[in-house]
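Notes for the one structure printed next.
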Amino acid sequence: MGIPWKHDPPENGSCQFCGKVLEPQGIVFEGVVLLWQPFLPRCDCDQAKAYWEKYDREEAAKRVAAKEKARRKAMQEKVNRLLGESGIKKRFQQRTFQNFLRNTPEQERNYQIAKDYADTFHVHCKRGDGLYIEGTNGTGKTHLAAAIALQLIGEGIPVICKTSGDLLKDIKKSFDTDGVREYEVLEVYQKVDLLIIDDLGKEQCTDWGMSTLYSILNDRYEDMKPTIITTNYNTKSLVKVLTPKGMDGSKIIAIISRLRETSTIMTMAWQDWRSDGKRGGKT
Ligand SMILES: [Zn+2]
């Protein structure tokens, strides 16, 4: 853009607060005005100063918001190009806050935690804190995670919602796909505003899978990016299922304890779930 050349000065005006006459100003060379400023100068009375301070602050905030909107749009386009539509499969697309059953005090409480999280995501986004939703099958863990994803996507916030198995499949696929580099896919997982890993522990992890998950979650932790986990396993069982056969589980223990440390923990389970670790039931 830049300032347009002005051959004619703007008309005189006066300060709307103190009435002082404001004369146009220009760049003067050898007594001749070469370029008139297109705007009248700002008055220096207290009221005008306060007005312009507020004006400048609001303009700066608008620029920040526009930049953030552009960043989100670019991230969402990247996610769509690399992964398709955020990984929210058809079966999750109907799982909204509106149709989550709230018949018991526990359901109501979990609903409130998830809804508050979605409603105040801008705060969680800054702090990098997520949700760790553990419990038995069929208690609505995935439903609440999907509802958060759907609400935020509706607000233009980039979200990826995948099972850990699908997440690893995407990265593996990127090894063989022309034009998509593995690091680009890894990067969207590491940088997306919210990553939701649904049903963590469902698939047995290979050594490669564990390292990859570790690297994604560790980078997000260090960057203070929020992650939401749902899992059917208690901590002890989750460490067990995620640790590849014959491998040391210390990395997995580190990931899980970091996730729990930075998350609100929601337990959605029948009574004896903590000791059993996992129980059957329909999803
Ligand atoms: Zn004034």
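State which residue is farthest from the ligand (Cβ to nearest atom) when the search covers only the range 17-38 and only residues that are in contact (Cβ under 8 Å) with a residue 24 or more places away in the chain and closer than 20 Å to Tyr51 by Cα. Give the derivation first.
Of the range 17-38, the ones in contact (Cβ under 8 Å) with a residue 24 or more places away in the chain are 17-18, 20, 33, 35-38.
Right, trim to closer than 20 Å to Tyr51 by Cα and you get 17-18, 20, 38.
Details: Phe17: 5, Cys18: 3, Lys20: 5, Pro38: 20 Å.
In this case the residue turns out to be Pro38.
Does the range 46-58 contain any residue that is within 13 Å of the ligand (Cβ to nearest atom), more than 41 Å from the chain's Cα centre (by Cα) and among the basic types (Lys, Arg)?
No: zero hits.
Tell me yes or no: at least one residue of the range 137-148 is touching a strand residue (DSSP E or B) at 6+ places or on another chain (Cβ under 7 Å), farther than 22 Å from Thr262 by Cβ and surrounded by 20 or more Cβ atoms within 10 Å (Cβ to Cβ).
yes
Does the range 205-213 contain any residue that is closer than 19 Å to Glu77 by Cβ and assigned to a helix (DSSP H, G or I)? Working first, answer last.
The initial filter retains those residues of the range 205-213 that are closer than 19 Å to Glu77 by Cβ, namely none.
So far as the range 205-213 goes, no, none of its residues is closer than 19 Å to Glu77 by Cβ and assigned to a helix (DSSP H, G or I).
How many residues does the range 262-280 contain that are touching a helix residue (DSSP H, G or I) at 6+ places or on another chain (Cβ under 9 Å) and at pLDDT 85 or above?
5
The values are calculated or read from the model by the stated rules, or taken from the named source; none is laboratory data. Bear in mind the structure is a predicted one, so any value in this text is a computation, not a measurement. For neighbour counting, all protein chains shown are included, and Cβ atoms are generated from backbone atoms with ideal geometry for every residue, glycine included.
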